[in-house]
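Each value in this text was obtained by applying a stated rule to the coordinates, not by laboratory testing. Just so it is clear, the model here is predicted, and its values are computed rather than measured. Backbone-built Cβ (ideal geometry, glycine too); neighbour counts: all protein chains shown.
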Amino acid sequence: MMTILRNLGLVLLAIPLLACSPQAADQAPAASTAANSAALSEAGLEIIPVTITTESGTYVIQTEVASTREEQARGMMFRTEMGPDEGMLFPYDVPQDMGFWMRNTLLPLDIIFIDENQTVINIGDGVPYNEESVRSDRPGIAVLELIGGRSAELGIEPGDRIEW
C-alpha cells in the first residue's frame, strides 16, 4: 500500500511538470496577431511611434506607453538610460490637471503636457529625485517624457502638435 501511495504521489507531482514543459507550451493556443505584432520594451510596455511637429520640422520618437495605473506610477523610475529618440507616453481618458514628480528617477527629463487637441500645453523640467510636482498649466490628456534637454534641441514649444 505504501508503494502505491508513493507512486501515486510521484505521478501527481509529475502532472504539473508536464503542463509547464516546453512541449506543453508549444501546444498552447497562439495569441492574437495584433498582440504578436506589437513591439514591447524591456519593461514590457508597448512601443509606438509618436510624431512631433514643430516649426523646425517633424520628428518621430519611439515611445513606451504607460497605460495602466501601475505603469504610470512606475514611469521612468530606476531607469539609467534613455536614447535621444525615445520617450514615454502617459495617456489619460479625460482631460485633467496633471502633476509629475521625479521620485527615484535617475535621469533628467523634459515633461511635455499635452491637451485634448494633441498640442503642447507646457514643458516642465524634470530634475532627478525631485519630489515637488511639475504641473500642467491647464487640464490635458497626456504627458510625453523625453530625455532632459531634448525638447529644446528639437525646438518643441507650447502649441506644437504631438500625435500618436
Place +1 on the Cβ of every Lys and Arg and -1 on the Cβ of every Asp and Glu in the stretch 33-164, take the dipole about the Cα centre, and give the residue among L109, V127, G44 whose Cα lies farthest towards its positive end. G44
What length, rounded to one decimal in nm, is gained on full extension from E55 through to N104, with 0.36 nm per residue of separation minus their alpha-carbon distance? 14.2 nm
